[in-house]
Every structure is written in structure tokens, then in C-alpha cells.
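Asker: Input: one structure, supplied below.
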Amino acid sequence: MDKRRRAGFRLETSYRFRRHGTRRGRQDARVADSAGLLATLTYGDSATVRITNVGRLRAKDNEPPGYWLDPADGRWMNERDASDASGDSGELPVIDEDGKEKRRKKRVIPFVEDRRNILVVTLDEPLPEPVALTVMYALERGIETAFELEDSELTSELLPPADGPHDRLLFTEAAEGGAGVLRRLQAEPRALAKAARQALAICHFDGDGEDEEGPHPDRPCARGCYECLLTYGNQLHHGVIDRRLIVALLLRLASAEVTSERRGETTTDQHRRLVAASVPAAITSEAAPATSVETEFLTWLREHGLRLPDEAGTTVPEADARPDFVYRMPGVNLAVFLGSADGEEDAARDEEAEERLYLARWDVIRFPEGSDWDAIAAEHARYFGLGPSS
């Protein structure tokens, strides 16, 4: 993306939080110190992130977004070719004076889209662009250092408006599923403060905000250097980055606490909802008689302090499968079947259904009839948790 910006393209990033069944796709938190509110944090796992190439930076003021495309051969057209071409592919063919059909053209706005874990930091007070950019790069470096991430594992950018003060910073984990760090920043009271303290040190300030001017007394760091905030990736912003502008804000963040907002559904509510959803699923299935095994399983999970499913009796259309329960977690979907696959007459629940789920990039766990539920859950603690006794 940075390469395309350096090449002169105007890119716009947008995002959409993804709901996971009845569970919200976003989780919010407040950041505050003794002086008051500093920011709000909004975390989304597997959010949809779209990067749209709306045009060239040097485009004319009246030029519409996008680029000309020849719909016949799929090739991009330059302005000269586009001026000679006829209208879009929906129009009747245009014949030139030599009797040849002119090339068609269509205005296209290209974009790429992916699912990523994201964190949107909304500052309580908007900042001028130089300050906002410097804070963003400092926090990115601080997060990477505090949580031992590679530079390629985390990206950041300012969100619109393009001009004027900015109050929203977007942090994205580069790989789907990610390292879980952004979730910790929103969920743990002191995780952001830890990153801010690292950012202060990276910017050559001590814990009290005193400027240490870098590790080289003979050439002190002024606005920024390659040992603090300057990198090859942010060279377009080297002229505006100034570490001295952000020390006060970093000091406040270093002493701040994050308070997560409670989700609307309690464990009791979730258990009740799942029981109600699982019983009709068993009753209406022609291949499986009404049974209380689903209720027993849910109650067993709750009594052992293990994670409850997100959904019950859900059909997975991409695999033509109907597991008993579904877990939706950052970077992974899990299907849980109760009962043995041998002799299963329902094609949506047999071994072939499991294979189709695997092909659709789902994880699958089966609790066969008469099996040791404790042992299976312990083996897959990644999904079910460890329980209070572990």
C-alpha cells in the first residue's frame, strides 16, 4: 500500500465490523487518566478492511474517481486511448470512418478487501496532522516493542478527514487472526499504558518526559531519527514527524487505564439462549430424535467454567453441514458435533460433512457418544478455555 501511495495513487481505507451470529463484531473501551477522558478504543476481530484506489494524486480537479478500463480485453486505458474510445459496454457499437468498431471504455474504481483484526483509536481531542501522525507512529512502535511484534505484523494509518485535524487512528494486524495484541489493548486495563511507556523510551524521553536526545551525544535527535520514529515505510511523512510534539500526550497515556464496556449478554443469558436454540434443532431434525444431550453439554460447559458456544443448531451453508454448536473466534470458526459419526444418517452431520467443513477452512471437534468430555475439552483448551480450576 505504501508503495502505491509513493507511486502517486490516492488510496482510501474503509472498514466494516463483522457480526458473529448474535455476538457484536465490535468491542469498545474508554481510555482515561486522572485528568479525564483521553480516547475510546474500538476493537473488531475479522473486520472487513477495504482499500480503494480512487485515482491519481495529480488528477484534474474535475476528474471523477477511478480509471478507464477496456471491458473487452480487461486492460487499463490511458487518457489518450480513453478519449478515442466510445462509451461504456452498455451502449451500441460505434463505428469509425474506416468502418471499424471503436474500443469501448468503462469507468472502474478498483479495490482490495480482506479480513483483519483492527483497533480504531478515537482521540477525545482532534490533533493537527503532524501531531496525529507522530502519535500514530510512536504508538505503533511502542506496541511492537511492548508485545514483541515484528514490524510487518502491525500497520497503522490516519482515518479521514484528509484535511484538517484528525481524531481517528487505525491499527491493523497484518495477518488474519493476528497475534491478539490489539484485543489486549482494548481488554486489559494497563496494556495501552505499557505500549505508551515504550513509545516514550523509543522517542528518547525518560519516564518523566525529560528529553534524552537519543543515544549519541555528538549528534542529538531533533525532530526524529531512524533510531526512533523514522523508517523507510513512512518516508513520505519525515518532514512533519516531530517527537517533541507528543511527549505530553504519551505521558498521559502511560498513566491511563482502559475500561472495557460490558457486553450485553451475560453467561446466564447465553446459556438460556443456546438451550432454547438447540432443543428445536434436535426436535425438527428427521435423522436425530429429540434428546437432552445438547442441554447436558451446555450445562456441563457452564458448570466447568468453559467457554460457551456462540450459536446452536446453525447450518453452515458453504459446507452443507449442521453442527450442534458453533464457536466464532478471532481468525477461526469451530464446529462441534455431539455423538459418533459412525452410523450417522444425517448427511449434514456425518464424516463427509466434517470433511466439507475442513475444506471450507473450519475447525471441527466431535464429542462421540460415551467419550470423556473432560479429556476432549482439555486437549482443545484453545477453544474451550481452561476453566477456573486450571
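Asker: Pick out, from ALA256, GLY370, GLY209, the residue whose Cα sits farthest towards the positive end of the charge dipole of the chain, with +1 on the Cβ of Lys and Arg and -1 on the Cβ of Asp and Glu.
Answerer: Positive-most Cα among the choices belongs to GLY209.
Asker: With θ set to phi - 60° and the Karplus curve 6.51 cos²θ - 1.76 cosθ + 1.60, what are the ³J(HN,Hα) couplings of region 247-252 in order, to the nearest whole Hz, using x for Gly and Pro?
Answerer: 4, 5, 5, 5, 4, 5
Asker: Taking every DSSP beta bridge with both residues inside the chain, roughly what % is antiparallel (nearest 5)?
Answerer: Expressed as a percentage, antiparallel bridges in the chain total about 90.
Asker: Quick check for me: using +1 on Lys/Arg Cβ and -1 on Asp/Glu Cβ, what's the dipole size of the chain about its Cα centre, in debye to the nearest 20?
Answerer: 1320
Asker: For ARG366, enumerate residues with amide H under 5 Å from its amide H, sequence gap 5+ or separate chain, H modeled in the peptide plane.
Answerer: PHE337
Asker: Another question about this same structure. If Lys and Arg each add +1 and Asp and Glu each add -1, what is the summed charge of the other residues whose beta carbon sits under 11 Å from the beta carbon of VAL240?
Answerer: Around VAL240, the charge tally is -1.
Asker: Summing -39500 (n - 2.57) over the DSSP H runs of n ≥ 4 in the chain and dividing by its residue number, what mean residue ellipticity at 222 nm do you reach, to the nearest 500 deg cm²/dmol?
Answerer: That calculation yields -8000 deg cm²/dmol at 222 nm.
Asker: Select from PRO317, VAL54, LEU200 the residue farthest towards the positive end of the dipole of the chain; place +1 on Cβ of Lys and Arg, -1 on Cβ of Asp and Glu, and compute about the Cα centre.
Answerer: VAL54
Asker: Still on this structure, I have one more. Long-range amide H contacts for ASN333: which residues qualify at under 5 Å (H placed 1.01 Å from N, peptide plane, sequence gap of 5 or more or a different chain)?
Answerer: Answer set, sorted by chain and number: ASP363.
Asker: Here is a follow-up. What's the magnitude of the charge dipole for region 267-384 around its Cα centre, counting Lys and Arg as +1 and Asp and Glu as -1 at the beta-carbon? Answer in Debye, nearest 20.
Answerer: It comes to approximately 680 debye.
Asker: If you consider only alpha-carbon coordinates, what radius of gyration and Dmax does the chain have, in Å?
Answerer: 27.0, 85
Asker: If you average the alpha carbon positions of region 311-376 and of region 19-84, how far apart do those two centres end up, in angstrom?
Answerer: A separation of 36 Å, based on Cα centres.
Asker: From the phi angles alone, apply the Karplus equation (6.51, -1.76, 1.60; θ = phi - 60°) to region 145-159 and give each ³J(HN,Hα) in whole Hz, x where the residue is Gly or Pro.
Answerer: Rounded to whole hertz, the list is 6, 5, 10, 6, 9, 6, 4, 7, 7, 9, 10, 8, 6, 7, 9.
Asker: What percentages, rounded to whole numbers, describe P(r) for region 267-384 computed over all alpha carbon pairs with 10 Å bin width beginning at zero?
Answerer: Over region 267-384, the share of Cα pairs per 10 Å bin runs 13, 49, 35, 3 percent.
Asker: Would you please give the residues with an amide H less than 5 Å from that of ARG56, counting only those at least 5 places away or on a separate chain, with H modeled from the backbone geometry?
Answerer: Under 5 Å from the amide H of ARG56: ARG10.
All of the numbers you see were taken from the coordinates with simple rules; none came from a lab. The shown structure was predicted, so the numbers you read here are calculated from the model rather than taken from an experiment. Backbone-built Cβ (ideal geometry, glycine too); neighbour counts: all protein chains shown.
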